[in-house]
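**Q** Mind looking over this structure? Questions follow.
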Amino acid sequence: MKRRIFIATTALAASVGFAGTAAAQTKWDFATAYPAHNFHSKNNEQFVKDVEAATQGKLKITPHFGASLFKMPEIKRAVQTGNAQMGEFFLVSFQNEAPIFGADGLPFLVGSYDDAYKLYQAQKPALQQLLDKQGQVLLYSVAWPPQGIYTKKPVNSAADLKGMKWRVYSPTTARIGELVGAQPVTIQEAELSQALATGVIEGLITSSATGADNKLFENLKHYYNVQAWIPKNAVTVGKKAFNALSKEEQEAVLKAATEAEERGWKASREVDAKSIETLKAGGMIVEEGSPELKADLVKVGEVVIKEWLEKAGKDGQAILDTYKTGK
Ligand code: PCA
């Protein structure tokens, strides 16, 4: 009996203590889709630490990696509806919602990270506006390394992609698949390894980083580093959650976000070089891709850009114009 009373008292004391700190502390969930060891994830983790330090622990953000809270395609909506306060998602996969989301997935528009950053600056105002309308604040956006082609069999021209079970992650990659006569299958990054192991896919376009993260050399033999585009993730916070913070906390979040964006772009470049080495060490044959393959892809890319512009209209054209004049 005595013991029970003791427990009850301690529990009461603990709960009072907890309520005391809980009132002063805001807790956010941060839904992400990529593995904890991925460079975006590490960058997000640093952001979370920076915010916690800058707010003296008043804003505690818990990152959930590897699509453990929501799958990638659900994350944007989760932030929009407040089911997660923060989220990271892959912009180009939302192109059907609004063509502007797909600007950084247009083939062979950019040829380097510097170009990709310029394109981001041209896209950013429209992106911020779109996300704002969807109840979110864009915190930072970081590029994946350039996208290349992974296959089981050697590929010398687009004709070799015909009939291939082709993993896609966006309307553009699906359209490219269609145009080259491949069989597009939508697979999320979190399910890549399984899809390869079970033979659901035989080829895909993604980055060196995703290839290394998922040890694609265990199932695929070739990487053609054609650098087709440099797409980005976006990290957003729900407006409601953001507006509920004090001015100082908001400033701390925005400062950490600016730093995360800078750090993330730098990490992306470094990770690209390292990942290519990892692929080679794993036994993958890494090549630039034949001139024929590149020429075929450029042709397909022209169709894709034309179709994108038809949908994106004046807003899309304005982004491309700003990008080109800013170059
Ligand atoms: N990796 C992610 C998005 C782009 C990339 O390089 C993926 O393949 O899903």
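Only the coordinates and a few stated rules stand behind these numbers; no lab work does. Note that the structure is predicted; figures quoted are calculated from it, not measured. Note: ideal-geometry Cβ built from the backbone for every residue, glycine included; neighbour counts use all protein chains shown.
**Q** Divide, for the stretch 251-320, the radius of gyration over alpha carbons by 2.2 N^0.38 Å, where N is the residue count. Present the calculation step by step, with values, prior to reporting the outcome.
**A** On the way: Rg = 18.8 Å, N = 70, 2.2 N^0.38 = 11.1 Å.
Against the compact-globule rule of thumb, the ratio is 1.70.
**Q** So if we plug the beta-carbon distance of E288 and K124 into 1/(1 + (r/R0)^6) with R0 = 30 Å, what FRET efficiency do we get, rounded to 0.05?
**A** Between E288 and K124 the formula returns 0.45.
**Q** Across bins of 10 angstrom width beginning at 0, how are the C-alpha pair distances of the chain distributed, in whole percent?
**A** The percentages, shortest bin first, are 6, 25, 32, 21, 9, 4, 2, 1, 0.
**Q** For the stretch 183-327, what class follows from the C-alpha gyration tensor (a ≥ b ≥ c being the square roots of its eigenvalues): rounded when a/c is under 1.5, otherwise prolate if a/b is larger than b/c, else oblate? Mind showing how you got there, number by number?
**A** Numbers: a/c = 1.93, a/b = 1.34, b/c = 1.44.
Here the stretch 183-327 falls in the oblate category.
**Q** Taking only Cα atoms of the stretch 126-184, what ratio of Rg to Rh do you get with Rh as the Kirkwood inverse-distance radius? The partial results should precede the final answer.
**A** Details: Rg = 16.4 Å, Rh = 14.0 Å.
Checking Rg against Rh, the ratio lands at 1.17.
**Q** Ordered by residue, what ³J(HN,Hα) values in Hz, to whole numbers, does the stretch 270-278 give under the Karplus form 6.51 cos²θ - 1.76 cosθ + 1.60, where θ = phi - 60° and Gly and Pro are x?
**A** 5, 5, 4, 4, 5, 5, 4, 5, 4
**Q** Okay, moving on. In nanometres, what is the gap between the two model label sites at A36 and D114, each 7 Å from Cα along Cα-to-Cβ?
**A** Distance between the two pseudo-spin positions: 3.9 nm.
**Q** Can you give me the angle between helix 291-326 and the longest principal axis of the chain, using Cα atoms only, in degrees from 0 to 90, rounded to the nearest 10?
**A** It works out to around 50 degrees.
**Q** If you put +1 on each Lys and Arg Cβ and -1 on each Asp and Glu Cβ, how big is the dipole of the chain around its Cα centre, in Debye rounded to 20? Walk me through the numbers on the way to the answer.
**A** Working: 39 positive and 36 negative charges, 206 e Å.
Using only the charged Cβ atoms, the result is roughly 1000 debye.
**Q** I'd like the projected area of the stretch 91-192, averaged over all directions, using the convex hull of its alpha carbons. Report it in nm² with one decimal.
**A** Details: hull surface 29.6 nm².
Approximately 7.4 nm², given one-decimal rounding.
**Q** Calculated FRET efficiency, T62 and D321, Cβ-Cβ r, R0 35 Å, to nearest 0.05?
**A** Values: r = 42 Å, r/R0 = 1.19.
Calculated value: 0.25.
**Q** Sticking with this one: How much length would be gained if the chain were fully extended between N243 and E270, taking 0.36 nm per residue of separation minus their Cα-Cα distance, in nm to one decimal?
**A** On the way: separation 27, 0.36 × 27 = 9.72 nm, distance 3.52 nm.
The span from N243 to E270 would gain 6.2 nm if fully extended.
**Q** Starting with the highest mean, order 154-162, 134-142 by the number of other Cβ atoms within 10 Å, averaged over the residues of each peptide. Can you show the working numbers first?
**A** Details: 154-162: 16.8, 134-142: 20.8.
Per-residue Cβ counts within 10 Å, averaged per peptide and sorted highest first, yield 134-142, 154-162.
**Q** Which aspartates and glutamates have a Cα lying under 13 Å from the Cα of K294, excluding residues fewer than 8 positions away in the same chain?
**A** Leaving aside aspartates and glutamates fewer than 8 places away in the same chain, those within reach of K294 are D160, E302.
**Q** Helix 2-24: angle to the longest alpha-carbon principal axis of the chain, degrees 0 to 90, nearest 10?
**A** Between helix and principal axis, roughly 60 degrees.
**Q** Can you give the local net charge around G87? Use residues other than it whose beta-carbon is closer than 12 angstrom to its beta-carbon, Lys and Arg +1, Asp and Glu -1.
**A** Details: positive: K71, K76, R77; negative: D29, E74, E88.
Neighbourhood net charge equals 0.
**Q** Now for a separate question. Work out how much length Q250 to K49 would gain on full extension: take 0.36 nm times their residue separation and subtract the Cα-Cα distance, in nm to one decimal.
**A** Values: separation 201, 0.36 × 201 = 72.36 nm, distance 1.51 nm.
That works out to 70.9 nm of additional length.
**Q** Under the Karplus relation 6.51 cos²θ - 1.76 cosθ + 1.60, θ = phi - 60°, what is the ordered set of whole-Hz ³J(HN,Hα) values for the stretch 157-167, x standing for Gly and Pro?
**A** With coefficients 6.51, -1.76 and 1.60, one gets 8, 4, 4, 6, 8, 4, x, 6, 6, 10, 6 Hz.
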